[in-house]
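Every read-out reported here was derived from the displayed coordinates using simple, explicitly stated rules and does not represent laboratory data. It should be emphasised that the depicted structure is a prediction, and the values quoted were computed from it without experimental measurement. When we count neighbours, we look across all protein chains shown, and the Cβ atoms used for this are built from the backbone with ideal geometry, even at glycine.
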Amino acid sequence: MIITPLTGVDIGVAAKAVQSLIAVVLDAKGVTLAEWVALRTLGTAADRVSQPSLRDGLVLALGVDATDATAVLCALEDRGMLAYDAFEQVGLTPAGRVQYDELHAAVVAVTTELYAGIEPGELATTRRVLATVTARAAELRSQL
């Protein structure tokens, strides 16, 4: 049996499949993937986050430019999901916290079903391998 090497295509196909599944959950709540990434970042942060840091995190995570990332934050602010303090630190409003908690529960439910039957050790190995591939790709890219 010939075993072909694991390629970025394999990883990309799996990532897009999971992303499209999560998009169904988000669409039902009227939230975009970009908005979910921002809500999740704020929902899991220990404290408020600086607006530039949050914006730059969206740029990196979503592959968008700073203008698009700022537009995502403005849309969430307009919908009352996040608010800024006098120091440009941003956090979830009570409505934003409720939205995050509901979405988080829905995403956990669907991903739990997605990964059902896969051994925890295999999932841990997969996470470790993907983290290694990510780090190595960044290192190789910096050398080019």
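Full extension of the segment from T126 to T93, taken as 0.36 nm per residue of separation minus the current Cα-Cα distance, would add 8.4 nm.
One entry in [x] 1.03; [y] 1.20; [z] 1.29 is Cα Rg over 2.2 N^0.38 Å calculated from the shown coordinates; its label is [y].
Work out which helices of the chain, taken as complete DSSP H runs, extend at least 20 Å along their axis over the Cα atoms and score a mean Kyte-Doolittle of -1.0 or more, then list them. If you can, show how the numbers build up before the last one.
Details: long enough: 8-28 (30 Å, 1.46); 94-115 (31 Å, 0.18); 120-143 (35 Å, -0.22).
Helix filter hits for the chain: 8-28, 94-115, 120-143.
Taking the centroid of alpha carbons for each part, the stretch 99-134 and the stretch 4-72 are 15 Å apart.
Going by average Cβ density within 10 Å per residue, which order do the peptides 103-112, 74-83 take, highest to lowest? Kindly include the intermediate steps, with their values, before the conclusion.
Values: 103-112: 13.9, 74-83: 16.8.
Ranking, from highest mean packing down: 74-83, 103-112.
Toward the positive end of the charge dipole of the stretch 16-81, about the Cα centre and with charges on Cβ (Lys, Arg +1; Asp, Glu -1), which of L54, V37, T70 goes farthest? The residue sitting farthest along the positive end of the dipole is V37. Under a 5 Å amide H cut-off, with hydrogens placed 1.01 Å from N, A45 pairs with nothing among residues at least 5 apart or on other chains.
Within the stretch 1-28, whose backbone N sits under 12 Å from a point 7 Å along Cα→Cβ of E139? Once the point is set 7 Å along Cα→Cβ of E139, nothing inside the stretch 1-28 turns out to lie under 12 Å by backbone N.
Count Lys and Arg as plus one, Asp and Glu as minus one, and take only other residues whose Cβ is under 12 Å from that of A75; the net charge is then -3.
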